[in-house]
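To start, the structure itself, in structure tokens.
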Amino acid sequence: MEQRIVTFGEIMLRLTRPEKLRIIQGSTWNGYFGGSEANVAVSLAMLGNNVEYVTRLPDNKLGEACRNELRKYNVGTHFIVHGGIRLGSYFYEDAAAMRGSSIVYDRADSSMTTIQCGMINWANVFNDTSVFHWSGISCALSQGAADVTAEAVSEAEKRGMIISCDINYRKNLWKYGKSAHDILLPLAKKCDILFGTEGEWQLLTGVTPPKFTATSTDFTFDVQKYKEFFDKVKEMFPKCRKMILALRNTLSANHHILSGVLYSDGKVYIARIYNIDNVIDPMGVGDAFIAAYIHAMLHFGTDNQKDINFALTASAIKNSIPGDFNLTTEDEIIDVCNS
């Protein structure tokens, strides 16, 4: 039987005004379920992987609706635990023209925020599991959520599993007195795959990556500067085998330039550049990237260039799909890769 992938984090109810209205406008909302690690789980399932999503949900109709939504996409929910009083939510305002997007979180005292060590039997969860994926968002929620994440990472490390981390820094979530750097750095040192944006890598390491300033697909990368950056960062993470830098230059609300850089075995691999001039929904783009990379790494052999191109293409496609989930198949991604 194929070994499974496990992701862990908080899934929330996302509420967005239709037609790019502002949060203070209108009387109706479009609702979606989403959350970084849940988005990764759905993407992996869409790509044909055996994936389990672990979280803590309230034992009510909203919790039930979350489980049903995940099951719809063949995401396993066998290890979800119940408890707490509420499902976290967030209100998302779409960007338009020169107006940027905006998020208002309503997740205080959610089931995941109040999670504690011992509530999840990680030894049981990780039976027949090859990959564990987590993100910095879980550690930002509360000390308890950070402790449970550390508990999971330690168990995965003990079992020799592949550990994947999306740094996923959210400044407005770190409210319980600990710094993201102090909490995330020791956990990241245990990981085999590290993924993040320019700002997230700088936060975690204190090292500034080269600036991505592309305004078209004609941009020329300074490969040597990226190698120097990753060579320096690699000294901090000797265990890490794959380091990924997600690149995005936002020219306007609906015009983004995307690319990515993979560092593996001392070599740098640059993804193609996508010029996306009709962004429908940028939420979950990074989650689509890391999910597709995990899939490619597990299934495509040792072709690092193919892996990073596939992952970046999945990320680019997500910009065309409303909601948090990247509802895209492997064949669809390959078709775009080959176009």
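So, TYR169, is that one assigned to a loop (DSSP other than H, G, I, E, B), of a type outside the set (S, T, N, Q) and surrounded by 16 or more Cβ atoms within 10 Å (Cβ to Cβ) or not? Before you say what the answer is, go through the steps one by one.
On the way: assigned to a loop (DSSP other than H, G, I, E, B): yes; of a type outside the set (S, T, N, Q): yes; surrounded by 16 or more Cβ atoms within 10 Å (Cβ to Cβ): yes.
Taking the combined requirement at face value, the residue satisfies it.
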Residue ID - nearest to GLU52 (Cα to Cα), chosen from residues in the stretch 143-173 that are at pLDDT below 95 and of a type outside the set (A, V, I, L, M): ARG170
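State whether the residues of the stretch 65-76 include one that is touching a strand residue (DSSP E or B) at 6+ places or on another chain (Cβ under 9 Å), aliphatic (A, V, I, L, M), closer than 26 Å to ILE294 by Cβ and touching a residue at least 12 places away in the same chain (Cβ under 8 Å). Walk me through how you get there before you give the answer.
First, pick out the residues of the stretch 65-76 that are touching a strand residue (DSSP E or B) at 6+ places or on another chain (Cβ under 9 Å): 65-67, 69-70, 74-76.
Narrowing the set further to residues that are aliphatic (A, V, I, L, M) leaves 65, 70, 75.
Right, trim to closer than 26 Å to ILE294 by Cβ and you get 70, 75.
Now restrict to residues that are touching a residue at least 12 places away in the same chain (Cβ under 8 Å): 70, 75.
Scanning the stretch 65-76 turns up at least one residue that is touching a strand residue (DSSP E or B) at 6+ places or on another chain (Cβ under 9 Å), aliphatic (A, V, I, L, M), closer than 26 Å to ILE294 by Cβ and touching a residue at least 12 places away in the same chain (Cβ under 8 Å).
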Kindly list the number of the only condition in (1) modelled with pLDDT under 95; (2) farther than 27 Å from ALA38 by Cα; (3) surrounded by 19 or more Cβ atoms within 10 Å (Cβ to Cβ); (4) not basic (Lys, Arg) that fails for MET283. (2)
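Need at least 2 residues that are surrounded by fewer than 21 Cβ atoms within 10 Å (Cβ to Cβ) and touching a Lys or Arg at 6+ places or on another chain (Cβ under 9 Å) per element, so show me which strands (runs of 3 or more DSSP E) inside the stretch 1-107 make the cut, counting only ones lying wholly within it.
Values: elements: 4-8, 12-16, 30-34, 51-54, 89-93, 102-106.
Fully inside the stretch 1-107 and qualifying: 30-34, 89-93, 102-106.
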Does the stretch 172-222 hold any residues that are in a loop (DSSP other than H, G, I, E, B), under 16 Å from ALA145 (Cβ atoms) and not basic (Lys, Arg), and which are they? TRP174, TYR176, GLY177, SER179
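Looking only at the stretch 86-131, which residues are aliphatic (A, V, I, L, M), at pLDDT below 95 and over 23 Å from the mean Cα position of the chain (by Cα)?
Taking the stretch 86-131 first, the residues aliphatic (A, V, I, L, M) are 87, 95-98, 103-104, 108, 112, 115, 119-120, 123, 125, 131.
Then keep just the ones that are at pLDDT below 95; that gives 95-98, 103-104, 108.
Matches in the stretch 86-131: ALA96, ALA97, MET98.
Restricting to the stretch 128-159, and then to whatever is of a type in the set (Ser, Thr, Tyr) and in contact (Cβ under 8 Å) with a residue 60 or more places away in the chain, can you tell me which residue is farthest from ARG241 (Cα to Cα)?
Kept after step one, since they are of a type in the set (Ser, Thr, Tyr), are these residues of the stretch 128-159: 129-130, 135, 138, 142, 149, 154.
From what's left, in contact (Cβ under 8 Å) with a residue 60 or more places away in the chain: 129-130, 135, 138, 149.
Working: THR129: 19, SER130: 15, SER135: 17, SER138: 23, THR149: 21 Å.
Only one residue fits best here, namely SER138.
The values are calculated or read from the model by the stated rules, or taken from the named source; none is laboratory data. If you're wondering where the values come from, they're calculated on a predicted model, not measured in any experiment. All Cβ positions, glycine included, derive from the backbone under ideal geometry; neighbour counts span all protein chains shown.
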